[in-house]
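The values are calculated or read from the model by the stated rules, or taken from the named source; none is laboratory data. As the structure is a prediction and not an experimental result, all values here were calculated from the model. For neighbour counting, all protein chains shown are included, and Cβ atoms are generated from backbone atoms with ideal geometry for every residue, glycine included. These area figures cover heavy atoms from the full protein model, side chains too; ligands, DNA and RNA do not enter into them. Shrake-Rupley method; radii C 1.70, N 1.55, O 1.52, S 1.80 Å.
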Amino acid sequence: MFEPKYISLYRTGELGERIEKAQGLLRECNICPRRCRVNRLENKLGVCKVGKLPKVASYNPHFGEESPLVGTHGSGTIFITSCNLGCVFCQNYDISHLGKGYEVSFKRFAEMMIELQDLGCHNINFVTPTHVVPHILEALSIAIREGLSIPLVYNTGGYDLVETLQLLEGIFDIYMPDFKFFDSDVAAKWCKTGDYPHVAMKAIREMHRQVGDLVVNDRGIAERGLIVRHLVMPHGLAGTRKVMQFLAKDISSNTYVNIMDQYHPCGLAHKYAEINRRIRDKEFEEALQIAHEEGISRLAD
């Protein structure tokens, strides 16, 4: 039977060492590429506006994720409040920008994981986890003692430090980053991070090094591996061809890629003419064709 690697790390004491290292990073916060250098252990707030304790917007079985995550009983999503990006078009704007959510103890955070497992969810799916990596590890230790034994999903915008990801090796079974933009100027305008493409490429390389291509069991449920999401934007702003080239040549032509067609103007997108519309069918069809042309062989249904 499948057993997540985090359980063996807990047994050997390695998880405890990782928790200590991660908590140390919060003293002068160096968790993500923002490097705010504030003492979050004293509830000093940086870009993410989350201090010593995690903040959660909601948690529930989710059936709108990729099919290898959803299966028959759903993906156990925990929506983390806030984000280290600044996407003006964010579809969860109230959570990522406006701070919708509530502070929870590590014990309660762990209980959420157990409740989702008890509901039959196939995995625990942390949405925007980058800024709360130490908090997740702290709560995970409690959840393991309470019987947690299903895969963990790191569902991220892709703006992650390799050094932080290295603390997660053997803990997260499935990495699911976005690759939003390939052009630095475009990224600076729409997600307020000009170094996003460079950071995302390094992060995705590290994620793939840790978990490899997506592996599913005989029921089609994901157990381990990389899933990459790419949101098609109006006017080709996402740089789809270069993103697919990178994934096929630098990562693996067998990378499981979800090219998403659900873009619609959210948040502050209505203020910008370039992105104040849904994508057209032709734009989505062209993105799929580009993926095939560049050698991506596993596209989500």
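Whether any residue in region 79-100 is assigned to a helix (DSSP H, G or I), touching a residue at least 40 places away in the same chain (Cβ under 8 Å), in contact with a strand residue (DSSP E or B) (Cβ under 6 Å, 6 or more places away or on another chain) and buried (at least 19 other Cβ atoms within 10 Å of the Cβ) is what I want to check. Checking region 79-100: not a single residue is assigned to a helix (DSSP H, G or I), touching a residue at least 40 places away in the same chain (Cβ under 8 Å), in contact with a strand residue (DSSP E or B) (Cβ under 6 Å, 6 or more places away or on another chain) and buried (at least 19 other Cβ atoms within 10 Å of the Cβ).
Considering only residues in region 286-301 that are open to solvent by 50 Å² or more (accessible area, probe 1.4 Å) and of a type outside the set (Asp, Glu), the one that is farthest from Val211 (Cα to Cα) turns out to be Gln289. Considering only residues of region 252-285 that are polar (S, T, N, Q) and open to solvent by 50 Å² or more (accessible area, probe 1.4 Å), which is farthest from Gln210 (Cα to Cα)? Among them, the one singled out is Asn276.
Checking each residue in region 133-159 for being open to solvent by 10 Å² or more (accessible area, probe 1.4 Å), in contact with a strand residue (DSSP E or B) (Cβ under 9 Å, 6 or more places away or on another chain) and either more than 24 Å from Cys83 (Cα to Cα) or assigned to a helix (DSSP H, G or I) (or both) picks out only Ile150.
Of all the numbered requirements in (1) more than 25 Å from Tyr6 (Cα to Cα); (2) open to solvent by 10 Å² or more (accessible area, probe 1.4 Å); (3) modelled with pLDDT of 95 or more, His122 misses one, and that requirement is (1). Over 26 Å from Arg278 (Cα atoms), open to solvent by 60 Å² or more (accessible area, probe 1.4 Å) and in contact (Cβ under 8 Å) with a residue 60 or more places away in the chain: which single residue out of Arg219, Arg209 fits that description? Residue meeting the stated conditions: Arg219. One residue alone among Leu148, Leu152 is touching a residue at least 40 places away in the same chain (Cβ under 8 Å) and not charged (D, E, K, R), and that residue is Leu152. Applying the criterion of being in contact with a helix residue (DSSP H, G or I) (Cβ under 6 Å, 6 or more places away or on another chain) and part of a helix (DSSP H, G or I) to the residues of region 275-290, the residue that is farthest from Thr240 (Cα to Cα) is Ile275. Pairing residues of region 20-35 that are in contact (Cβ under 8 Å) with a residue 40 or more places away in the chain and open to solvent by 40 Å² or more (accessible area, probe 1.4 Å) with residues that are hydroxyl-bearing (Ser, Thr, Tyr) and part of a loop (DSSP other than H, G, I, E, B), at Cβ distances under 9 Å and at least 6 apart in sequence or on separate chains, gives Arg34/Tyr159; Arg34/Thr193.
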